[in-house]
1. Taking N as the number of residues in the range 28-76, what value does Rg over Cα atoms divided by 2.2 N^0.38 Å take?
2. Would you calculate a helix-derived [θ] at 222 nm for the chain, using -39,500 (n - 2.57) for each DSSP H run of n ≥ 4 and dividing by the full residue count, to the nearest 500?
3. How big is the charge dipole of the range 2-118 about its Cα centre, in debye rounded to the nearest 20, if each Lys and Arg gets +1 on its Cβ and each Asp and Glu gets -1 on its Cβ?
4. If we count every other residue with Cβ under 9 angstrom of Gly18's Cβ, Lys/Arg +1 and Asp/Glu -1, where does the sum land?
5. Need one number for the chain: average projected area of the convex hull over its C-alpha atoms, nm².
6. Rounded to the nearest 0.05, what FRET efficiency is calculated for Thr78 and Lys11 with R0 set to 30 Å and r the Cβ-Cβ distance?
7. Starting from the Cα-Cα distance between Lys100 and Val86, subtract it from 0.36 nm times their residue separation and give me the gain in nm to one decimal.
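Computed from the coordinates by the stated procedures, all read-outs in this text should not be read as laboratory data. The structure presented is a predicted model; accordingly, all values stated were derived computationally and were not measured. In this analysis, Cβ positions are derived from the backbone assuming ideal geometry, glycine residues included, and neighbour counts consider all displayed protein chains.
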Amino acid sequence: MLWRYRFVPNKWGWELPGGIVDEGEDPRQAALREVEEETGWRPRALERIVTFEPMVGMVDSPHELFVGRGADKVGEPTDAEEAGEVAWVPLSDVHRLIRKDELMGSGTLVGLLHVIAFGA
């Protein structure tokens, strides 16, 4: 996960890697690219787990979430501003981080809660 500062809420918190799918890019390839750019790790396997709308009724913005299994360190993050601190955070810490209000973004919450509910 990434420990990052977000200026809109004016706070630090943990997030899963993520980003925008480039024009003509496959969402799975975008997920692989974003993870590597933001963390320096390349997932060995990546599976789509869910698509959700974070602001249904207000904005049409489907978010596709993927879960990675295994990873190889391929270098340092290529965008230091995106990365902040990179750390492996155990799933057993998720409930504590939610209570401390240290998880940011709907994608992070949906992804982690999905994995806890249904397994990785």
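1. This ratio for the range 28-76 stands at 1.35.
2. Here the helix-only value at 222 nm equals -8500 deg cm²/dmol.
3. 640 debye
4. Charge balance near Gly18 sits at -3.
5. 7.9 nm²
6. Efficiency, rounded to the nearest 0.05: 0.75.
7. So the chain would gain 3.1 nm between Lys100 and Val86.
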